[in-house]
Amino acid sequence: MAYQSYVLVCGGTACCSSGGDKVVAEFKRILAEQKLDETVQVVTTGCLGFCEQGPIVKILPQGTFYVQVKPEDVKEIVAEHLVKGRVVQRLCYDPEQAKKLVAEANIPFYQKQYRIVLRNCGVIDPEKIEDYIARDGYKAIEKVLFEMTPEQVVEEILKSGLRGRGGAGFPTGMKWKFAMQQPKGQKYMVCNADEGDPGAYMDRSTLEGDPHSVLEAMTIAGYAIGASKGFIYIRAEYPLAIRRLEVAIEQAHDLGLLGKDILGSGFDFDIELRFGAGAFVCGEETALLQSIEGNRGMPRPRPPFPAVKGLWGRPTVINNVETLANIPVIINKGADWFNKIGTATTKGTKVFALTGKVNNSGLIEVPMGTTLREIIFDIGGGIRGGHQFKAAQTGGSTPRSTTSRSPRSARSWALAASS
Ligand SMILES: Cc1cc2nc3c(=O)[nH]c(=O)nc-3n(C[C@H](O)[C@H](O)[C@H](O)COP(=O)(O)O)c2cc1C
Ligand code: FES
């Protein structure tokens with residue numbers, strides 16, 4: 001059914017905790033009551049990024065962006081916007097109490113962003129596989145299974161220049177190549193969704209808003225390295241992400257996109273979830289593997305690297321959530337396309353959880369090489385209360401100074417301002 005309008009309500013953790021689910025319920029109730037539910041569809045999405053201003057409601061096709069929406073505002077949005085076509089100005093983003101910024105595209109927070117990893121977050125209903133498919137979802141796995149050899153897949157990822165977003169920035173294609181070159185037999189593909197850095201929530205939001213992108217990427221990796229089994233190691237404190245992954249895995253199974261003989265290709269691949277109990281050290285890959293095996297999460301010296309000797313002594317690739325979310329796009333659009341984004345040494349984008357004393361905090365995605373100044377002042381809107389910038393702290397245990405040297409060094413930003 002083609003709807004005339006779509007009401008996208010953010011269903012990310014931050015918006016839910018500030019009442020987003022009640023806003024969804026109120027829209028559904030009022031639209032049904034007024035018999036508008038056949039022309040207006042309510043979609044619960046993942047995080048739109050501007051968490052601080054939540055609950056966020058976006059109305060399509062106009063792209064109108066409402067902030068801090070409460071259940072009591074819904075009646076007015078329906079009556080004014082959806083029935084009469086008039087924007088409810090008082091609910092638009094208005095930092096200076098002067099010009100109401102009506103559409104997302106006009107809001108400075110979004111203007112320097114470039115979304116690859118978060119391409120579907122805030123756009124699709126993460127609990128509907130059809131929404132993901134409608135935005136080219138599972139097209140990459142089809143291409144890989146029917147048009148590419150494992151060697152070609154690895155070559156494409158190598159050529160793209162993608163480097164791991166969870167740790168040392170190791171070239172993803174190289175890691176896959178090591179595992180692919182190991183003798184045939186049981187191999188494993190693991191997704192690291194432990195996300196232990198304080199203040200970081202990039203991986204959680206990606207899984208909450210677009211779980212299928214990670215499932216599809218893991219299946220592509222499984223095909224490339226010759227693994228038939230995957231594990232997602234996710235912290236138990238992420239109940240919404242876990243629920244959405246469980247729904248996504250079931251839906252992928254139902255459509256023959258996971259399990260035996262995927263899409264009739266003869267390739268088998270399945271994914272199971274494993275829950276972490278919040279130990280920071282279990283985000284480290286060798287400790288994580290110990291934990292999946294049911295042992296105490298203790299790092300072990302490398303070599304041997306997991307790609308050679310990992311889970312239960314078998315070749316294993318471990319990739320971070322954000323690294324993986326890039327994979328389907330790289331396969332669909334090509335390594336040459338990806339390679340043009342970013343800096344000479346680090347390609348693509350980086351997602352940051354921008355927190356602290358900035359005016360606009362939230363989840364952002366920018367091309368690699370974007371400066372701290374742009375992040376803090378253009379996207380973050382500068383320091384709260386007009387104070388002078390004093391310091392910025394990058395997340396992770398081994399911070400360095402620029403976004404281009406080590407992706408992990410800039411997983412989240414905490415800012416301080418002089419008072
Ligand atoms: C103490 C410690 C904690 C780590 N925590 C995480 C984490 O929470 N998430 C993550 O993806 N990688 C974490 N890493 C990095 C992983 O060991 C590993 O390098 C990464 O998952 C590999 O994926 P990538 O190549 O896609 O980046 C941590 C590393 C160390 C040393
Ligand atoms: S959780 Fe709603 S905008 Fe981030």
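Taking the criterion of being part of a strand (DSSP E or B), closer than 23 Å to GLY164 by Cα and touching a residue at least 24 places away in the same chain (Cβ under 8 Å), would at least one residue in the stretch 263-270 satisfy it?
yes
Only residues in the stretch 1-21 that are assigned by TED's automatic domain parsing to the domain that holds VAL40 and more than 18 Å from GLY63 (Cα to Cα) count as the first member; pair them with residues that are more than 8 Å from ligand 2 (Cβ to nearest atom) and part of a loop (DSSP other than H, G, I, E, B), Cβ under 7 angstrom, at least 6 apart or cross-chain, and list the lot.
Pairs found: GLY19/LYS70.
Working only within the stretch 295-350, note down all residues that are touching a Leu at 6+ places or on another chain (Cβ under 7 Å) and at positive phi.
Matches in the stretch 295-350: GLY348 only.
Say whether the condition of being away from ligand 2 (no atom under 16 Å from the Cβ), buried (at least 16 other Cβ atoms within 10 Å of the Cβ) and in contact (Cβ under 8 Å) with a residue 24 or more places away in the chain is met by at least one residue in the stretch 43-62.
Checked against the condition, which is being away from ligand 2 (no atom under 16 Å from the Cβ), buried (at least 16 other Cβ atoms within 10 Å of the Cβ) and in contact (Cβ under 8 Å) with a residue 24 or more places away in the chain, the stretch 43-62 yields no hits at all.
Does the stretch 277-292 hold any residues that are of a type outside the set (A, V, I, L, M) and surrounded by 14 or more Cβ atoms within 10 Å (Cβ to Cβ), and which are they?
Once the filter is applied, which keeps residues that are of a type outside the set (A, V, I, L, M) and surrounded by 14 or more Cβ atoms within 10 Å (Cβ to Cβ), the stretch 277-292 yields PHE280, CYS282, GLY283, GLU284, GLU285, THR286, GLN290, SER291.
When you scan the stretch 182-205, how many residues do you find that are part of a helix (DSSP H, G or I) and within 12 Å of ligand 1 (Cβ to nearest atom)?
3
Before we move on, is SER205 buried (at least 24 other Cβ atoms within 10 Å of the Cβ), at pLDDT 95 or above, closer than 19 Å to ASN120 by Cα and away from ligand 2 (no atom under 16 Å from the Cβ)?
In short, no.
Check off (1) part of a helix (DSSP H, G or I); (2) of a type in the set (Lys, Arg); (3) closer than 21 Å to GLU365 by Cβ for LYS58 and give me the number that stays unchecked.
(1)
State all residues of the stretch 7-41 that are of a type in the set (A, V, I, L, M) and within 15 Å of ligand 2 (Cβ to nearest atom); if no residue qualifies, say none.
VAL7, LEU8, VAL9, ALA14, VAL23, VAL24
How do the pairs read when you match residues in the stretch 188-210 that are at positive phi with residues anywhere that are of a type in the set (D, E, K, R), using Cβ under 9 Å and keeping only pairs 6 or more apart or on different chains?
Hits for this filter: GLU195/ASP203; GLU195/ARG204; GLU195/ARG235; GLU195/ARG411; GLY199/ARG411.
Which one is modelled with the lowest pLDDT, of the residues in the stretch 369-394 that are touching a helix residue (DSSP H, G or I) at 6+ places or on another chain (Cβ under 7 Å) and closer than 25 Å to PHE280 by Cβ?
Applying the filter and picking the extreme gives THR394.
From the list GLY137, GLY167, GLY196, exactly one residue is within 30 Å of GLY356 (Cβ to Cβ) and surrounded by 21 or more Cβ atoms within 10 Å (Cβ to Cβ). Which is it?
Answer to the check: GLY167.
Can you pull out the residues in the stretch 351-370 that are away from ligand 2 (no atom under 13 Å from the Cβ) and assigned to a loop (DSSP other than H, G, I, E, B)?
LYS357, ASN359, MET368, GLY369, THR370 - these are the residues of the stretch 351-370 that are away from ligand 2 (no atom under 13 Å from the Cβ) and assigned to a loop (DSSP other than H, G, I, E, B).
If I ask for residues that are within 16 Å of ligand 1 (Cβ to nearest atom) and not assigned by TED's automatic domain parsing to the domain that holds ILE249, which ones from the stretch 117-173 would you list?
VAL117
The values are calculated or read from the model by the stated rules, or taken from the named source; none is laboratory data. Owing to the predicted nature of the structure, the values given are computational and were not obtained by experimental measurement. Backbone-built Cβ (ideal geometry, glycine too); neighbour counts: all protein chains shown.
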